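For reference, the structure is listed below as C-alpha cells.
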Amino acid sequence: MTDASGDREGPEHDLVPVPAVGRRFATRRRVRWGDVDRSSHLRLDALARYLQDLANDDTRDAGHDPLAPWVVRRTVVVVHRQPRLGEELDLVTFNGGTGSRWAERRTSVRGERGHVECASLWVFVDPISGRPARLTQAFHDTFDEAAQGRTVGARLTHGPVPDLADRRRWEVRSTDIDPLGHVNNAATWEAIEDELARRGLVADRAELEYHDGIEPADDVELISRIEGDTLALWLTVEGRVRATARLHVG
C-alpha cells in the first residue's frame, strides 16, 4: 500500500482529543486474566484486540457492514498509566482524520487507574482486488464531522534493518491467522510483548507499522536492537520487512 493518491499529509502521530462534536462510540470493558502479563498489567496485544473489537462494534452500531475489509497500516499507543487486572475501563473511539482510502481511528482508554491513548490508521480494502479502495460517501456522512477536517497520510516512517542486531525465529501459529489469510494485527503485537519480556523492559509509547501481510507458511525472523531508550524491532520474511516497531522503554 502506498500514499500515492495525492492526499495532503497531516501530522502523523498527533493524538487529537475527544471531539465535542461528531460521532463518538463508547463502551466499557474489564481487564481479564487472559489480557495481562505476569505483573497483572494489560498487554499490548490484548489492548490491540480491544481496539479491533471496539472499531467493529462502532461500525455495526453505525449501520455499516461490520465485515467490510479494513487492514491496519499503523498504530500508535501512549501508556500514561498501565491498566491492571480486574480494572473496568471506559473506551471511547472516534474518527481522528481521513485520507482518500484510509482513516485514523482514535481511541481513549481510561479506568480508575489506567490511562492509554491510541491511534490506528485503517486502510479500506476492495474485497475483490485486495487493493486500497476509496472511502464511501456513507463513511464520510457518518464519521467526518468528528475529524473536523483533519487529514492524515499513510506514509511509513521507520528505518531499514541495521547490520548489527539480534535475530531469532518467530513462529506463526494457526491461531494468529484471521479470515483475510494473514496474521491478525493484534497477533503481531504478541511478538513485541515477547521481546519486551525477554529483555525485562516496559514500554510507555509504542508505534507499530505494517508493511505487508504475514502469511501462514511464512518463515518469520524477528530482528531487534536497543537504540538508547528505544527498542527497535523488525519482522521479516526472506529479507523483506513485513512489520516494524519503535518502543520507548524504561
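The values are calculated or read from the model by the stated rules, or taken from the named source; none is laboratory data. From a predicted model like this one, the values you see are computed outputs, not experimental measurements. Neighbour counts run over all protein chains shown; Cβ positions are idealised from the backbone, glycine included.
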Residue hits (segment 49-72; surrounded by 22 or more Cβ atoms within 10 Å (Cβ to Cβ) and part of a helix (DSSP H, G or I)) are Tyr50, Leu51, Asp58
Note on segment 108-125: residues over 15 Å from Val79 (Cβ atoms) and among the hydrophobic types (A, V, I, L, M, F, W, C) are Leu121, Trp122, Val123, Phe124, Val125
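Considering only residues that are assigned to a helix (DSSP H, G or I), surrounded by fewer than 19 Cβ atoms within 10 Å (Cβ to Cβ) and in contact (Cβ under 8 Å) with a residue 12 or more places away in the chain, look in segment 195-225 and name the one that is nearest to the chain's Cα centre (by Cα). First the steps, then the outcome.
Within segment 195-225, the subset assigned to a helix (DSSP H, G or I) is 195-199.
In the following step, the residues that additionally are surrounded by fewer than 19 Cβ atoms within 10 Å (Cβ to Cβ) were identified as 197-199.
Adding the requirement that they be in contact (Cβ under 8 Å) with a residue 12 or more places away in the chain leaves 197, 199.
Values: Ala197: 20, Arg199: 22 Å.
Within segment 195-225, the match that is nearest to the chain's Cα centre (by Cα) is Ala197.
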Those residues of segment 81-98 which are over 17 Å from the mean Cα position of the chain (by Cα) and either part of a strand (DSSP E or B) or closer than 22 Å to Gln148 by Cβ (or both) amount to Arg81, Arg84, Glu88, Leu89, Asp90
task: Could you tell me whether segment 162-177 includes any residue that is under 18 Å from the mean Cα position of the chain (by Cα), outside the structural domain of Glu87 (by TED's automatic domain parsing) and not aliphatic (A, V, I, L, M)?
output: yes
Matching residues in segment 162-188 (within 21 Å of Arg225 (Cβ to Cβ) and of a type in the set (A, V, I, L, M, F, W, C)) number 3
Looking across segment 99-121 at residues that are outside any loop (DSSP other than H, G, I, E, B) and either surrounded by fewer than 22 Cβ atoms within 10 Å (Cβ to Cβ) or in the same structural domain as Glu207 (by TED's automatic domain parsing) (or both), the single one that is nearest to the chain's Cα centre (by Cα) is Glu117
Pro179 meets each of (1) over 21 Å from Pro216 (Cβ atoms); (2) of a type outside the set (Gly, Ala, Ser); (3) part of a loop (DSSP other than H, G, I, E, B); (4) without any contact (Cβ under 8 Å) to a residue 40 or more places away in the chain with one exception, condition (1)
Of the residues in segment 160-176, those that are surrounded by 12 or more Cβ atoms within 10 Å (Cβ to Cβ) and part of a loop (DSSP other than H, G, I, E, B) come to Val161, Ala165, Val172
Restricting segment 184-194 to residues that are out of contact with any Leu (no Cβ under 7 Å at 6 or more places or on another chain) and polar (S, T, N, Q), the one surrounded by the fewest Cβ atoms within 10 Å (Cβ to Cβ) turns out to be Asn184
Given the conditions (1) hydroxyl-bearing (Ser, Thr, Tyr); (2) surrounded by fewer than 19 Cβ atoms within 10 Å (Cβ to Cβ); (3) modelled with pLDDT of 95 or more, every one holds for Thr75 apart from (2)
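Residues are listed down the side, and each one gets a yes or a no for (1) out of contact with any His (no Cβ under 7 Å at 6 or more places or on another chain); (2) more than 21 Å from Gly22 (Cα to Cα):
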residue: Val71; (1), (2): yes, yes
residue: Val76; (1), (2): no, yes
residue: His80; (1), (2): no, yes
residue: Val92; (1), (2): yes, no
residue: Gly96; (1), (2): yes, no
residue: Ala103; (1), (2): yes, no
residue: His115; (1), (2): no, yes
